[in-house]
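These notes concern the structure reproduced below.
The values are calculated or read from the model by the stated rules, or taken from the named source; none is laboratory data. Remember, it's a predicted structure, so these values are computed and weren't measured experimentally. Here Cβ is always computed from backbone atoms with ideal geometry, including for glycine, and neighbour counts include all displayed protein chains.
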Amino acid sequence: MISVLEPGLQTTIQAGPRSGLRHAGVPASGPADAVSMALANRLVGKTPAAACLEITYGAASFRFSSACQIGLAGAEAQVTVGSRAAQMHATLEVAAGEVVAIRPVRMGARIYLSVGGRIEAEDILGSESTYLPAGFGGHGGRTLRKGDELVIAAAKPVPAATTPASLRLSPSSSYALRAVAGPDLSDEAGFDWEASFRVSSRLSRMGAEIDGLFPMQASGLSPSSAVFPGALQVTPQGRGFLLLADGQTTGGYPHLLQVIRADRHLLGQLRPGDRIRFLHTSQARAEEALRAKQALLQSWMPEFRL
Amino acid sequence: MSGNSFDIIACGDDALRILCGPGDVRHSLAERLAGDPSWNEIVPGKQDVTIAFNPYTYTMTKAREKLQHALHTGLTHSVTRGRDHVLAAEFGGEAGPDLAQLAERLDMRVETLLEKVEQSPLKVDMLGFTPGFAYLTGLDPTLQANRLDHPRSRVPAGSIGLISGQIGLYALDGPGGWPIIGRVVSPLFDRCLTEPFVLKAGDSVKLRPAVSPQ
């Protein structure tokens, strides 16, 4: 059992994304940063999409009623297990009754806490991931609250592991996101690829509002088409909106850019005030980038797919 | 037999969009493509169908070729007809808090408004926005209404929204910005089914007043 002592700003159970249901309006959900979640799961010997706690901005603590292995990955924060200082990116041993405390995150947004035994979660529409707007999946379809108790299955301990340094998220407040032109960017020269943008405070698992100068000819509402995580749309107010894991399935705002599949996991670490640049990427480069990053991650996590 | 020559454009680095225009062709296209496990997602929009492909199986070039081939082999010649649904609904009162005001604004009696809704040959044009939310076209054109100035943070599952030209059916509880005129009695979502949402794009819908038990 895990007792939630402090849930932080937003902690949810996330597992694999939902797939094949976007035509019915069902978003992917799942981890905002799928790479970090898979790395946390790897530390306790679990498959990449096993259910995890996704902790936004840290400042959370949990009491474990029985001895257990845990793994932490994602945004950097100081961590203590009982009275001991502990490391992220390494298998940690928690004794029965001990408290795992995560300090506030200074850069990045989300930390993933994986535990050795299976976390009990509601499996719905093919995934245990929490989808907050409709209130399903995870723990009662909601964020965790102080006093919640999560049931954890017993598990055999695995050999301790440490995430290779080259695979860890490098903390940053500035991102260069590789992007291809979206279906509504009529002229690739019409977008200022040198421009720098800033993440506004309107930010959730659904998407991140982006301030900056977007081509104005693009604004307006057109007949709805499918959109996916990584889509950059321009709202009638002239702001950008980047879709994340819980992003809606269809939209009518101009879809200017698409962050390439290889870089979408980074979107889960954006926080207000972060700077973004979009790097103009060809389809061939996008495919090469996916192959390269996938090969690197697969060497450590054979089952993982970006 | 001639095939179709719709334009296919990229939608990001791992999806393609068939510009097939509005109408039934979207639904028959989507239905036929759904039989092929190469496609991760097949999402009809208002005027197109977007297909997310598995980038570990296909490059975009290969995916495009495969899609073009599917279109040229007469994929859309058999127009699949959606199912017909007759959905019983409660109108007005607690189930339809905006009905009376809407009738007043349209300067018609509530009965007249409901008659027009019931006689409209509604068709599920697409699903989107939230899980299972169905956009229905075919609404009597005299029923003109705008979205609410202040969207509700929660409307109950089954709620029937109405804006000009369209009916929106909420499959789940959730936020809603359309005036609500009633509520469908039977559930539109069953989590135990493989296709958990009752309505699919291309289906026909008639709304009928629920018969209240004596």
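Keeping to region A:244-261, report how many residues are more than 7 Å from chain B (Cβ to nearest Cβ) and within 16 Å of B:N40 (Cβ to Cβ). Reasoning before the result, please.
Initially, region A:244-261 is screened for residues more than 7 Å from chain B (Cβ to nearest Cβ), giving A:244-247, A:251-257, A:259.
Subset that is within 16 Å of B:N40 (Cβ to Cβ): A:245, A:247.
Adding up the residues that qualify gives 2.
Just one of B:A70, B:A30 is crowded, with 17+ Cβ neighbours inside 10 Å, assigned to a helix (DSSP H, G or I), modelled with pLDDT of 85 or more and within 14 Å of another protein chain (Cβ to nearest Cβ); which is it?
Within the list B:A70, B:A30, the selection yields B:A30.
If we scan region B:116-123, do we find a residue that is within 27 Å of A:V227 (Cα to Cα) and either surrounded by 14 or more Cβ atoms within 10 Å (Cβ to Cβ) or modelled with pLDDT of 95 or more (or both)? Break it down into steps so the answer makes sense when it comes.
Just the residues of region B:116-123 that are within 27 Å of A:V227 (Cα to Cα), to begin with: B:122-123.
Next, only the ones that are either surrounded by 14 or more Cβ atoms within 10 Å (Cβ to Cβ) or modelled with pLDDT of 95 or more (or both) stay: B:122-123.
Checked against the condition, which is being within 27 Å of A:V227 (Cα to Cα) and either surrounded by 14 or more Cβ atoms within 10 Å (Cβ to Cβ) or modelled with pLDDT of 95 or more (or both), region B:116-123 yields at least one hit.
Could you list, in sequence order, all residues of region A:18-46 that are farther than 14 Å from A:Y112 by Cα and more than 14 Å from chain B (Cβ to nearest Cβ)? First the steps, then the outcome.
Just the residues of region A:18-46 that are farther than 14 Å from A:Y112 by Cα, to begin with: A:18-29, A:45.
The answer is A:G45, and nothing else.
Do we have any residue at all in region A:211-227 that's at pLDDT 95 or above and assigned to a loop (DSSP other than H, G, I, E, B)?
For region A:211-227, residues at pLDDT 95 or above and assigned to a loop (DSSP other than H, G, I, E, B): present.
Test B:F197 against the stated conditions and say whether it is within 11 Å of chain A (Cβ to nearest Cβ), over 21 Å from B:E111 (Cβ atoms) and either out of contact with any helix residue (DSSP H, G or I) (no Cβ under 9 Å at 6 or more places or on another chain) or aliphatic (A, V, I, L, M) (or both).
Against the criterion (within 11 Å of chain A (Cβ to nearest Cβ), over 21 Å from B:E111 (Cβ atoms) and either out of contact with any helix residue (DSSP H, G or I) (no Cβ under 9 Å at 6 or more places or on another chain) or aliphatic (A, V, I, L, M) (or both)), B:F197 does not qualify.
How about region B:1-27: which of its residues are part of a helix (DSSP H, G or I) and either charged (D, E, K, R) or closer than 29 Å to A:L177 by Cα (or both)?
Passing the criteria: only B:R26.
I'm trying to understand the selection: among the residues of region A:219-248, which are closer than 12 Å to B:C11 by Cα and among the hydroxyl-bearing types (S, T, Y)?
A:S225
For region B:47-63, what are the residues that are assigned to a helix (DSSP H, G or I) and either crowded, with 22+ Cβ neighbours inside 10 Å or facing another protein chain (nearest Cβ under 10 Å) (or both)?
The answer is B:M60, B:T61, B:A63.
Regarding A:G238, is this residue assigned to a loop (DSSP other than H, G, I, E, B) and under 18 Å from the mean Cα position of the chain (by Cα)?
no
Only one residue in A:R63, A:R103, A:R22 is among the basic types (K, R) and under 30 Å from B:Y170 (Cα atoms). Which one? Don't jump to the end; show me each part of the working.
Working: A:R63 fails: under 30 Å from B:Y170 (Cα atoms); A:R103 fails: under 30 Å from B:Y170 (Cα atoms).
None of the other options fit; the residue is A:R22.
Would you confirm whether or not region A:168-177 contains a residue that is part of a loop (DSSP other than H, G, I, E, B), out of contact with any Lys or Arg (no Cβ under 7 Å at 6 or more places or on another chain) and within 27 Å of B:A10 (Cα to Cα)?
no
Please go through region A:93-134 and pick out each residue that is within 14 Å of another protein chain (Cβ to nearest Cβ) and either in contact with a His (Cβ under 8 Å, 6 or more places away or on another chain) or in a helix (DSSP H, G or I) (or both).
The answer is A:E122, A:T130, A:L132, A:P133, A:A134.
When the residues of region A:279-301 are narrowed to those that are at the interface with chain B (Cβ under 10 Å from one of its Cβ atoms) and not in a helix (DSSP H, G or I), which ends up surrounded by the fewest Cβ atoms within 10 Å (Cβ to Cβ)?
Filtering first and then ranking leaves A:S282.
Restricting to region A:132-148, name every residue that is at pLDDT 95 or above, surrounded by 13 or more Cβ atoms within 10 Å (Cβ to Cβ) and of a type outside the set (G, A, S).
Hits for region A:132-148 are A:H139, A:R142, A:T143, A:L144, A:D148.
Listed residues B:P22, B:P44, B:P37; which is within 14 Å of another protein chain (Cβ to nearest Cβ), surrounded by fewer than 19 Cβ atoms within 10 Å (Cβ to Cβ) and within 18 Å of B:G202 (Cβ to Cβ)?
B:P22
What number of residues in region A:241-271 are among the hydrophobic types (A, V, I, L, M, F, W, C) and in a loop (DSSP other than H, G, I, E, B)?
Here the count works out to 4.
Across region A:117-131, what is the number of residues that are surrounded by 24 or more Cβ atoms within 10 Å (Cβ to Cβ) and either within 19 Å of A:V44 (Cβ to Cβ) or without any contact (Cβ under 8 Å) to a residue 60 or more places away in the chain (or both)?
Looking only at that region, the number is 2.
Can you spot a residue in region A:135-146 that is at positive phi, in contact with a Leu (Cβ under 7 Å, 6 or more places away or on another chain) and more than 14 Å from chain B (Cβ to nearest Cβ)?
no
Out of all the residues in region B:129-167, which are surrounded by 21 or more Cβ atoms within 10 Å (Cβ to Cβ) and in a strand (DSSP E or B)?
Passing the criteria: B:A134, B:Y135, B:L136, B:V155, B:S159, B:I160, B:G161, B:L162, B:I167.
Taking region B:168-200, which residues are in a loop (DSSP other than H, G, I, E, B), small (G, A, S) and at pLDDT 90 or above?
The initial filter retains those residues of region B:168-200 that are in a loop (DSSP other than H, G, I, E, B), namely B:170-173, B:177-179, B:185-188, B:190-196, B:198-200.
Pick out the ones that are also small (G, A, S) and you get B:171, B:177, B:186.
Answer for region B:168-200, where residues must be in a loop (DSSP other than H, G, I, E, B), small (G, A, S) and at pLDDT 90 or above: B:A171, B:S186.
A quick yes/no check of all residues on (1) without any contact (Cβ under 8 Å) to a residue 40 or more places away in the chain; (2) of a type outside the set (A, V, I, L, M, F, W, C):
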position	(1), (2)
B:P37	yes, yes
B:Q47	yes, yes
B:Y56	yes, yes
B:L71	no, no
B:R83	no, yes
B:E90	no, yes
B:L102	no, no
B:L106	yes, no
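For region A:161-170, state whether one or more residues are among the charged types (D, E, K, R), surrounded by fewer than 19 Cβ atoms within 10 Å (Cβ to Cβ) and under 30 Å from B:S153 (Cβ atoms). Explain how you work it out, then say what you get.
Going through region A:161-170, the residues among the charged types (D, E, K, R) turn out to be A:168.
The next check asks that each one be surrounded by fewer than 19 Cβ atoms within 10 Å (Cβ to Cβ); those that pass are A:168.
Okay, now just the ones that are also under 30 Å from B:S153 (Cβ atoms), so none.
No, region A:161-170 contains no residue that is among the charged types (D, E, K, R), surrounded by fewer than 19 Cβ atoms within 10 Å (Cβ to Cβ) and under 30 Å from B:S153 (Cβ atoms).
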